[in-house]
Amino acid sequence: MTGGAESEVSERILCIESHWKRTSLQLDFLRRVWQSLDAEYQTIQKQILHVLVSKLTIAISKIDSLIGGSVKDRRQQLTGVKRWRYVLLKEGLDSTIKDLEMWQKMFDPSWFLILMTSSPQIDTELTRHNETSAPSLLNSTQTLRNSLRGNAHQEGSIFLPEDGLRSAHILNIPFSSSKVAQRAGSSKLFILDTVPCPAQGNVQRLTADVRELARKLFHADPIQFGLLKCYGVVRELTPQGARQMFFTLVFRAVEGLSVPQSLRASLLAGEANHSLSDRLDIAKDLAKSISFVHTFGFVHKNVRPETILVSTDKPSSLGHSFLVGFEEFRNAEGHTLRFGDSAWEKNLYRHPRRQGPGPNDYYIMQHDIYSLGVCLLEVGMWESFVFYNEDGTCVPSPTLGALSEGSSVWEPVLVKDLLVSLAQAVLPKRMGTKFAMVVETCLTCLDEDNADFGDEREFQDADGVLVGVRYIEKVRVVVKPYPTSKITYTSRCFWNSKTSQCNSA
């Protein structure tokens, strides 16, 4: 090969070695603590490891066929391959790198679940693991474990000065509950998320929950968790009336990505030049973010496209999604107020027994999973179920059938049945049978005949590692990438109630 070609191959080999170094360290750790893990977790890990073995077997077979069999110094043999085989070799190495990266994304959430388990053996092995590993590999694992278990030590307070945002330039994010802020003289962007304290709420309890959430999100890796890194919290009082307290979570926007927009804005724009794989990545990011909210010990209670931000580094890609909109969150073990509202555009994403001004059931993690199902249905169909008039009022999409005639026909159980029917009849043609089955299972997660969620007593173990979290991990194992194909949709944004048509923005 030429010098340039040899350099390209060497870089790819180095990338594979780097990926495998991290993977081998994690697998060695997993082997050492295997007996301390429960049977269900072991089952999930076996599925994930089976995927790794399959990918490695294929990769080794491809490379061996190109270099003529195994040799003692594989690096030297790879860089010495004949020129005519270079293109095939390059493609094989690129495929291997992509497979390892995809597998790592699948494995990481289950890796963090280990950190939730109370076990002296895990603490001992984690300490040994960090002492013998390179500083650049997994160096935040112990810190994150302490944070997840409430033992993290952090210098200073997570609360920021009350006047910290007064000089910032703040803009609304269209069709989102969050805002974007930029300090004077700085190019860095921040995302602001307001958490009000209800008039009937417990200020001390909410303050403790906000502090705990902010400290845990302080350690978040946005790409890995689907959650933005928290810079701090501003505690304020409303200037008028009853002087109600509210908190503003200040998140760092991800550098190198575009200014975030809401998932709702993306769905309303309609016109898109993206692949099914791009759409699937958004779905996996969303499932991942809810999984980590639950892993952190909270329920979100407000999962809908208005509380999901998307940001990309490629114009032709949907990019990454990040879950925000924590205004209704609470600790999973905390008291929940059975207060709601009659806003149909919010009730659409709520389980039937959690709709209306006075929901029937207390909030549990399965309710977040139901909301996930509705969002995944929209993402899979790439259709917005909610349209906005120019005055900001909302109307249902024609896709929702009779519901588009007005909120007077709203019946929670019938809405759920309609969504399930869309997942069964429409979604398989657009995203495949497996994806459709995942969505249907999320939407029926509290049905008595749902095998995954049959016994609510199984939803929490002694360590707070929730079956709901593990279920989402199973979902992420089942859902696999689809072949790339470009899709174009007609642009739409605002709903014209007079003509019953969508007008472009």
(request) Output the residues belonging to region 268-305 that are open to solvent by 10 Å² or more (accessible area, probe 1.4 Å) and either of a type in the set (A, V, I, L, M, F, W, C) or at positive phi (or both). (result) ALA269, ALA272, LEU276, GLY297, LYS301
(request) Considering (1) at pLDDT 90 or above; (2) assigned to a helix (DSSP H, G or I); (3) within 24 Å of the chain's Cα centre (by Cα), say which one GLN366 fails and leave the rest. (result) (1)
(request) Give region 291-324 a look and list any residue that's modelled with pLDDT of 90 or more, within 19 Å of LEU377 (Cβ to Cβ) and outside any loop (DSSP other than H, G, I, E, B), or say none. (result) PRO305, GLU306, THR307, ILE308, VAL310, SER321, LEU323
(message) Looking only at region 351-363, count every residue that is assigned to a helix (DSSP H, G or I) and farther than 14 Å from LYS416 by Cα and tell me the total.
(response) 0
(message) I'd like to verify a number: residues in region 244-267 that are buried (at least 23 other Cβ atoms within 10 Å of the Cβ), small (Gly, Ala, Ser) and assigned to a helix (DSSP H, G or I), how many?
(response) 1
(request) Take THR43 and decide whether it is over 23 Å from LYS90 (Cβ atoms) and open to solvent by 50 Å² or more (accessible area, probe 1.4 Å). (result) yes
(message) Tell me the residue from LEU249, LEU280 that is touching a Lys or Arg at 6+ places or on another chain (Cβ under 9 Å) and hydrophobic (A, V, I, L, M, F, W, C), please.
(response) LEU280
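Rundown of residues vs (1) crowded, with 16+ Cβ neighbours inside 10 Å; (2) in contact with a Pro (Cβ under 8 Å, 6 or more places away or on another chain); (3) closer than 30 Å to GLY297 by Cβ, yes/no style:
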| residue | (1), (2), (3) |
| --- | --- |
| GLN355 | yes, yes, yes |
| ILE364 | yes, no, yes |
| LEU372 | yes, no, yes |
| MET381 | yes, no, no |
| ASN389 | no, no, no |
| SER397 | yes, no, no |
(request) Could you check, for region 246-256, whether at least one of its residues is modelled with pLDDT of 85 or more and more than 19 Å from GLY325 (Cα to Cα)? (result) yes
(request) May I ask you to verify whether LEU227 is touching an Asp or Glu at 6+ places or on another chain (Cβ under 6 Å), surrounded by 15 or more Cβ atoms within 10 Å (Cβ to Cβ) and under 30 Å from GLN104 (Cα atoms)? (result) no
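Residues checked against (1) of a type in the set (Asp, Glu); (2) part of a strand (DSSP E or B); (3) at pLDDT below 90; (4) touching a strand residue (DSSP E or B) at 6+ places or on another chain (Cβ under 6 Å):
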{"site": "LEU400", "(1), (2), (3), (4)": "no, no, yes, no"}
{"site": "LEU403", "(1), (2), (3), (4)": "no, no, yes, yes"}
{"site": "PRO428", "(1), (2), (3), (4)": "no, no, no, no"}
{"site": "VAL439", "(1), (2), (3), (4)": "no, no, no, no"}
{"site": "LEU446", "(1), (2), (3), (4)": "no, no, yes, no"}
{"site": "ASP452", "(1), (2), (3), (4)": "yes, no, yes, no"}
{"site": "ARG457", "(1), (2), (3), (4)": "no, no, yes, no"}
{"site": "TYR471", "(1), (2), (3), (4)": "no, no, yes, no"}
(message) Quick check on LEU257: is it touching a residue at least 24 places away in the same chain (Cβ under 8 Å) and closer than 15 Å to SER311 by Cα?
(response) yes
(message) For region 180-200: of the residues being out of contact with any Phe, Trp or Tyr (no Cβ under 9 Å at 6 or more places or on another chain) and of a type outside the set (A, V, I, L, M, F, W, C), which is least open to solvent (accessible area, probe 1.4 Å)?
(response) SER186
(request) Residue by residue through region 325-342, note down the ones that are in a loop (DSSP other than H, G, I, E, B) and at pLDDT 85 or above. (result) GLY325, PHE326, GLU327, GLU328, PHE329
(message) Which count do you get for residues in region 169-191 that are without any contact (Cβ under 8 Å) to a residue 60 or more places away in the chain and closer than 22 Å to ALA265 by Cβ?
(response) 6
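The values are calculated or read from the model by the stated rules, or taken from the named source; none is laboratory data. Note that the coordinates shown come from a computational prediction; the quantities given were computed from them, not determined experimentally. Note: ideal-geometry Cβ built from the backbone for every residue, glycine included; neighbour counts use all protein chains shown. Just the protein is used for accessible areas: all its heavy atoms, side chains included, with ligands, DNA and RNA removed. Shrake-Rupley method; radii C 1.70, N 1.55, O 1.52, S 1.80 Å.
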